[in-house]
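Following: one structure in C-alpha cells, then a few remarks.
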Amino acid sequence: MAAKVLLKNDHIEGIRYYDTYRKHGGYEAAEKALKMAQADIVEEVKKSGLRGRGGAGFPTGMKWSFLAKPDGVPRHLVCNADESEPGTFKDRYLMEFHPHILIEGLLISSFALGSNATYIYIRGEYAWIVNILEEAIDEAKKAGWLGKNIQGTGFDCEIYVHRGAGAYICGEETALIESLEGKRGNPRMKPPFPAIQGLWMRPTVVNNVETLAAVVPIINMGGEEYAKIGVGRSTGSKLLSVCGNVNKPGVYEIDMTISVEEFIYSDEYCGGIPNGKRLKACIPGGSSVPIVPANLLFKTAKGETRYMNYESLSDGGFATGTMMGSGGFIVLDEDQCIVRHTMTLARFYNHESCGQCSPCREGTGWMYKILKNIEGGKGKMSDIGLLWDIQRRIEGNTICPLGDAAAWPVAAAIRHFRDEFEWHVNNPEESQRRNYGLAHY
Ligand code: NAI
Ligand code: SF4
C-alpha cells in the first residue's frame, strides 16, 4: 500500500519553507519531544522498530542505546546524506522538497542523544541542496528551534552542513567521520563502532537522512502506532527511488506490505515496463545488493509471494533472494545485457575503492578487466570461473562493506545469468559488434 508518512505533505506548495511546514503540523513533534525525558525518546524509537534506512537496516533504537556516555566527553549526531549508491536518490528528494522534516528529526534526535553539535555530511554533487538545507536551518534558528536554550529548555544545538568532495566511500560511516575530521576518507576498522569512538574519537551516532526524518512521525504518533505500519520487523514506511526500464520512475513511499509484482506493474507505482517489453531482472536495494532474475522476483523459494520488505526480499539468502538495501530500485527489461551491466558496476567499485585492502583494491580492478574482456568478445570460458573465484576472495575479507558490495553483484550475475557470460565467450564477433559503447569505459 502507498504510505503517507514522511511524504504526507508532498502535495502542499511551499512545504519546503518553515511557515508552511509549521502551519501543517511541523515542529509539533519537537515541541512534544523537548518535554520528554531523553531516555523516553530513545524508548519510543526502540518501540517503533525503525531500522536504518541507509542500507544496513540496523535497528535505530538499539544503535542509539549503544551510545557511550563518558562524563565530560561531548557526543555527536551525524546525518549521513552522502547518498551515492547507484540507483538511490530518495534522500535527495527528502532534503530538496522536505528539508524541515529532516531538521526537526535532527533536533529531536540531537536532544535525545545529547548532541550539541550535529553534522549533516552531504555528497558533494548535491551542491544545490546545501543551500536549501542552510536556508531551512536559518529559518529554524530564527524560530527558536536551533541555537542556544532551544524553546527555553536549556538545550543548545547547532546543525552544520558539510559538503563531501565526490567520493562514494565517504558514505561508509567511518570514512565519513575521517572526512569530516578533515582527513582522507579511509574507512576505519570496526570495532570500535562510532557509538563508542566516532567523530574526534567521541561517542557518535551516524544515521541516514530518511532514518532521522522518520523520528518525527514516531514522536508524533508514538512508537507503538508507528510499528503498526508495515509488517513483522519491517515497520514504518520506506522510501524507494525507482529507475531503469519502468514507465514511472521516481520516488515512492510504501508501507512494506505491497508485493514486488504490484510495485512494478501497478499504475500507482512503477506503471510496468515500457513498450510491452518483458521484465528481465531487478536490483531492489541499490547497486550493492544482488540482482534477482524475473523468475525469482515475485515468489520466494518457498513459492510464497515476495513482498517489498526486509525479510521477504532476503528470503532464501543470496541463492534466490537479495536485500532491501538503500531502496534504490533498478529495473532491467529483456533488452539489457547483464554482462555489460555487471561490468559497469565493477568499474564503479574499482574506481571508488579507497585502496586500503588488497582484496578490494586489486580484486575490483581484476573483476572489471575480466568483465570488460568478456563483454567485448575477448573473454575465455575459464574467465567465468576466475571471476567467481575473485569475488569469493573479496567477500568478507575487507575493512569495509565496499568489498562485499563489489563482490555480490558479480556473484549474483554469474549465479543467475551464466548463460549470458557464456554467450559472450561463444560469440566474440557478435559481442564486439554489440559493444558499441566500450570507448566510454
Ligand atoms: P553495518 O551493518 O556494518 O552497520 C550498521 C550500523 O550499525 C552502523 O552504524 C554500525 O556502526 C552500527 N552497529 C553495528 N553493530 C554495532 C555494535 N555492536 N555496536 C554499535 N553499533 C553497531 O553496515 P554499514 O557499513 O553501516 O552499511 C552498509 C550498507 O550501506 C550496505 O548494506 C549498503 O546497502 C548501504 N550503502 C548505502 C549507500 C547509500 O547511498 N545510501 C551507499 C553505500 C552503501
Ligand atoms: Fe577501502 Fe575497499 Fe578496503 Fe573498503 S574494502 S577499506 S573501500 S579498500
Discussion item. Test of understanding: ordering Thr320, Thr305, Thr235 by Cβ neighbours within 10 Å, fewest first, what list do you get?
Written reply: Thr305, Thr320, Thr235
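At 25 °C and 0.890 mPa s, grab the translational diffusion coefficient of the stretch 364-441 from Stokes-Einstein with a Kirkwood Rh over Cα pairs, rounded to a whole number in µm² per second.
Values: Rh = 12.9 Å.
Rounded to a whole number, D works out at 190 µm²/s.
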Worksheet item: Computed over the Cα atoms, what is the radius of gyration of the stretch 1-132 divided by 2.2 N^0.38 Å, N being its residue count?
Response: 1.10
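Mind checking the alpha-carbon convex hull of the stretch 142-235 and giving the volume per residue in Å³?
Working: hull volume 15.7 nm³, N = 94.
That works out to 167 Å³ per residue.
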Worksheet item: Which lysines have a Cα lying under 22 Å from the Cα of Lys190, excluding residues fewer than 8 positions away in the same chain?
Response: Lys63, Lys69
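Can you compute the helix-only [θ] at 222 nm over the chain? Use -39500 (n - 2.57) per DSSP H run of at least 4 residues, normalise by all residues, nearest 500 deg cm²/dmol.
Details: 19 runs with 191 residues, N = 441.
After summing the helix terms and dividing by the residues of the chain, the value is -12500 deg cm²/dmol.
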Item to complete: Using +1 at the Cβ of each Lys and Arg and -1 at the Cβ of each Asp and Glu in the chain, identify which of Leu34, Ser237, Ala406 lies farthest towards the dipole's positive end.
Response: Ala406
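Among the listed pairs Lys23/Lys228; Lys23/Lys46; Lys4/Lys46, give every one whose C-alpha distance is greater than 24 Å.
Details: Lys23/Lys228 27 Å; Lys23/Lys46 29 Å; Lys4/Lys46 21 Å.
Beyond 24 Å: Lys23/Lys228; Lys23/Lys46.
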Worksheet item: Using alpha carbons only, how many degrees (0 to 90, rounded to 10) separate the axis of helix 338-352 from the longest principal axis of the chain?
Response: 50 degrees
Item to complete: Can you put Trp145, Trp200 in order of Cβ neighbours within 10 angstrom, beginning with the fewest?
Response: Trp200, Trp145
Item to complete: Return the ratio Rg/(2.2 N^0.38 Å) for the stretch 253-300, where Rg is computed over Cα atoms only.
Response: 1.16
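Note the full-extension length gain between Asp335 and His162 as 0.36 nm times their separation in residues minus their Cα-Cα distance, in nm to one decimal.
Working: separation 173, 0.36 × 173 = 62.28 nm, distance 4.09 nm.
Length gained between Asp335 and His162: 58.2 nm.
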Item to complete: Could you compute the FRET efficiency for Asn149 and Phe58, with r as their C-beta to C-beta distance and R0 at 41 Å, rounded to 0.05?
Response: 0.80
Item to complete: Would you order Lys142, Lys238, Lys190 from fewest to most other beta-carbon atoms within 10 Å of each residue's own beta-carbon?
Response: Lys142, Lys190, Lys238
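May I have the count of lysine pairs in the stretch 245-400 with C-alpha atoms under 20 Å apart, counting pairs 8 or more residues apart or located on different chains? Before the final figure, lay out the partial values.
Details: Lys248/Lys277; Lys248/Lys280; Lys280/Lys299; Lys369/Lys378; Lys369/Lys380; Lys372/Lys380.
Count of close lysine pairs: 6.
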Worksheet item: Please report, for the Cα atoms of the stretch 224-334, the Rg to one decimal and the Dmax as a whole number; what are they, in angstrom?
Response: 13.0, 44
Worksheet, complete the sentence: Filtering trypsin sites (Lys or Arg not before Pro) in the stretch 368-431 by DSSP loop and by at most 14 other Cβ atoms within 10 Å leaves Lys380
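Kirkwood Rh over alpha-carbon pairs of the chain, then Stokes-Einstein at 10 °C and 1.306 mPa s: what D in µm² s⁻¹, rounded to an integer? Could you put the intermediate results ahead of the total?
On the way: Rh = 22.6 Å.
Approximately 70 µm²/s, per Stokes-Einstein.
Throughout, read-outs are computed from the coordinates displayed, never taken from laboratory work. From a predicted model like this one, the values you see are computed outputs, not experimental measurements. When we count neighbours, we look across all protein chains shown, and the Cβ atoms used for this are built from the backbone with ideal geometry, even at glycine.
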